[in-house]
Amino acid sequence: MITSTPTSITEMKPAEVLYQMREMRDTWREQDFRFSADQQAKYNDLKAQRRDRIKYFYDNDLVQKGPKVTKKVEVEQEEE
(Lines give C-alpha, C1' and ligand atoms only; values in the text may rest on other atoms or scores of the structure.)
Protein backbone atom coordinates (compact mmCIF):
# COMPACT_ATOMS: atom_id res chain seq x y z
CA MET A 1 0.00 0.00 0.00
CA ILE A 2 1.45 3.31 -1.08
CA THR A 3 0.43 6.37 0.88
CA SER A 4 1.46 9.76 -0.33
CA THR A 5 2.21 12.40 2.24
CA PRO A 6 0.58 15.73 1.55
CA THR A 7 2.97 18.40 0.37
CA SER A 8 1.06 21.20 2.04
CA ILE A 9 -1.42 21.56 4.83
CA THR A 10 -4.23 22.49 2.44
CA GLU A 11 -4.00 19.07 0.76
CA MET A 12 -4.65 17.21 4.02
CA LYS A 13 -7.87 15.42 4.78
CA PRO A 14 -9.90 16.88 7.67
CA ALA A 15 -9.14 13.89 9.89
CA GLU A 16 -5.43 14.15 9.13
CA VAL A 17 -5.45 17.75 10.38
CA LEU A 18 -6.83 16.55 13.71
CA TYR A 19 -4.24 13.75 13.94
CA GLN A 20 -1.42 16.20 13.25
CA MET A 21 -2.74 18.63 15.86
CA ARG A 22 -2.95 15.82 18.44
CA GLU A 23 0.64 14.75 17.71
CA MET A 24 1.84 18.33 18.01
CA ARG A 25 0.07 18.78 21.36
CA ASP A 26 1.80 15.62 22.62
CA THR A 27 5.13 17.00 21.46
CA TRP A 28 4.32 20.31 23.13
CA ARG A 29 3.79 18.52 26.46
CA GLU A 30 7.08 16.63 26.07
CA GLN A 31 8.94 19.89 25.40
CA ASP A 32 7.90 21.55 28.66
CA PHE A 33 4.88 23.21 27.08
CA ARG A 34 6.86 25.09 24.45
CA PHE A 35 6.91 25.01 20.65
CA SER A 36 9.84 25.99 18.49
CA ALA A 37 9.16 28.78 15.99
CA ASP A 38 8.64 26.28 13.13
CA GLN A 39 6.36 24.09 15.23
CA GLN A 40 4.31 27.09 16.33
CA ALA A 41 3.87 28.23 12.72
CA LYS A 42 2.75 24.75 11.64
CA TYR A 43 0.35 24.45 14.57
CA ASN A 44 -1.14 27.88 13.78
CA ASP A 45 -1.65 26.81 10.15
CA LEU A 46 -3.37 23.59 11.23
CA LYS A 47 -5.58 25.49 13.67
CA ALA A 48 -6.54 28.04 11.00
CA GLN A 49 -7.42 25.27 8.56
CA ARG A 50 -9.57 23.56 11.18
CA ARG A 51 -11.38 26.81 11.99
CA ASP A 52 -12.02 27.45 8.28
CA ARG A 53 -13.55 23.99 7.94
CA ILE A 54 -15.84 24.54 10.94
CA LYS A 55 -16.82 27.98 9.63
CA TYR A 56 -17.71 26.36 6.29
CA PHE A 57 -20.09 23.97 8.08
CA TYR A 58 -21.79 26.81 9.95
CA ASP A 59 -22.05 29.01 6.86
CA ASN A 60 -23.72 26.23 4.85
CA ASP A 61 -26.08 25.13 7.65
CA LEU A 62 -24.47 21.72 7.97
CA VAL A 63 -24.55 21.77 11.78
CA GLN A 64 -27.42 21.84 14.20
CA LYS A 65 -27.79 25.15 15.98
CA GLY A 66 -29.66 25.05 19.25
CA PRO A 67 -31.41 22.20 21.02
CA LYS A 68 -33.04 19.37 19.16
CA VAL A 69 -36.81 19.78 19.14
CA THR A 70 -38.90 16.75 18.34
CA LYS A 71 -42.56 16.91 17.56
CA LYS A 72 -44.75 14.41 19.30
CA VAL A 73 -47.10 12.71 16.94
CA GLU A 74 -50.27 11.63 18.61
CA VAL A 75 -51.87 8.55 17.17
CA GLU A 76 -55.62 8.88 17.03
CA GLN A 77 -57.41 5.76 18.07
CA GLU A 78 -60.78 5.01 16.62
CA GLU A 79 -63.41 4.33 19.21
CA GLU A 80 -66.06 1.81 18.33
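Tabulated values for the structure
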quantity	calculated
Test: residue in the range 21-39 that is more than 15 Å from the chain's Cα centre (by Cα), in a helix (DSSP H, G or I) and among the hydroxyl-bearing types (Ser, Thr, Tyr)	yes
Filter result (more than 26 Å from Pro14 (Cβ to Cβ) and either among the aromatic types (Phe, Trp, Tyr) or over 30 Å from the mean Cα position of the chain (by Cα) (or both)) within the range 57-80	Lys71, Lys72, Val73, Glu74, Val75, Glu76, Gln77, Glu78, Glu79, Glu80
Selection count, the range 28-74, where residues are polar (S, T, N, Q), surrounded by 13 or more Cβ atoms within 10 Å (Cβ to Cβ) and free of Cβ contacts under 8 Å to residues at least 40 places away in the same chain	2
Flag if Asp61 is among the charged types (D, E, K, R) and modelled with pLDDT of 95 or more	no
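The values are calculated or read from the model by the stated rules, or taken from the named source; none is laboratory data. Small disclaimer: the values here were computed from a predicted structure and weren't measured. So basically every Cβ, Gly included, is an ideal-geometry build from the backbone, and we count neighbours across all protein chains shown.
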